[in-house]
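This report concerns only the one structure given below.
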Amino acid sequence: MITVKRFLSRTMDENCYVVEEKDRVTIIDPGWGVSSEFFPLVGNKQVRVLLTHGHADHIFDLDKIISDEIVIHELDRNMLIDPEKSLLNIFGKEALLIEEAKIRTTEILDGLWKCFHTPGHTEGSCCFLYDEKLLFSGDTVFSNSIGRTDLPGGNKIEMERSIQQLRRLFYELPNLRVLPGHGPEATAQDILRENPFFR
Ligand SMILES: [Zn+2]
Ligand SMILES: [Zn+2]
């Protein structure tokens, strides 16, 4: 059994999630101020960070975490290096002090984890599926809305395609818990019924 915990980054109202597996802790989107809260969960376990995309509100605390690897889509990788691309500079952070060797750009994850490349909010936006039960949807899908496409790297057409891809997944897995980057979680069937972008 695994556990999933949500940590709210109050400054930017962003959800960070921590999934505890037997030998590993997976941290999804460590936003501003959350890292100290989940420190006790880590222990001696391996630590992996999965990033749904490279925006400042999802990566702010990345350099406060001692991790073994950081996974981000290759199309968003430059956002970890360039604070203007991630908009970190707007929040007064001029650089993320991370070891570039730890960054892994891949869509292939191990075990029960799967990555779906869902561009539209940013070029490299991804959703991460765990065991066909949990979907970490970043800023691509919220319970009642979808992510904006008007920021640099955003693309409305690609977003529509990504939504189509997720709609198929939601029909296949109606009980899926969708855990977004902002706001409350919802099940796939709730989203199909209530989210105006999926109806
Ligand atoms: Zn974003
Ligand atoms: Zn966000």
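Estimated at 0.36 nm per residue, the fully extended path between Glu160 and Arg177 surpasses their Cα-Cα distance by 4.0 nm. Restriction of the trypsin sites (Lys or Arg not before Pro) in segment 94-190 to DSSP coil positions whose beta-carbon has at most 14 other beta-carbons within 10 angstrom yields Lys133, Arg148. The mean accessible area for residues of the chain, using a 1.4 Å probe and ignoring ligands and nucleic acids, is 48 Å² per residue.
Our estimate of slack between Arg148 and Arg193, defined as 0.36 nm per intervening residue step minus the Cα-Cα distance, is 14.1 nm. Taking the 1.4 Å solvent-accessible surface of segment 52-199 as the whole, the part contributed by carbon and sulfur is 50%.
Of all DSSP-defined beta bridges confined to segment 44-199, some 55% are antiparallel rather than parallel. Relative to one another, the C-alpha centroids of segment 86-131 and segment 161-199 are positioned 20 Å apart. For the chain, lysine pairs separated by 8 or more sequence positions, or belonging to different chains, with Cα-Cα distances below 26 Å total 26. Ellipticity at 222 nm from helices only: DSSP H runs of n ≥ 4 in the chain, each -39500 (n - 2.57), divided by the residue count, give -5500 deg cm²/dmol.
The values are calculated or read from the model by the stated rules, or taken from the named source; none is laboratory data. None of the values given here were measured: they were computed from a predicted structure. Note that each Cβ is placed from the backbone with ideal geometry, even for glycine, and that neighbours are counted across all protein chains shown. Surface areas here come from the heavy atoms of the whole protein model, side chains and all, with no ligands, DNA or RNA. Shrake-Rupley method; radii C 1.70, N 1.55, O 1.52, S 1.80 Å.
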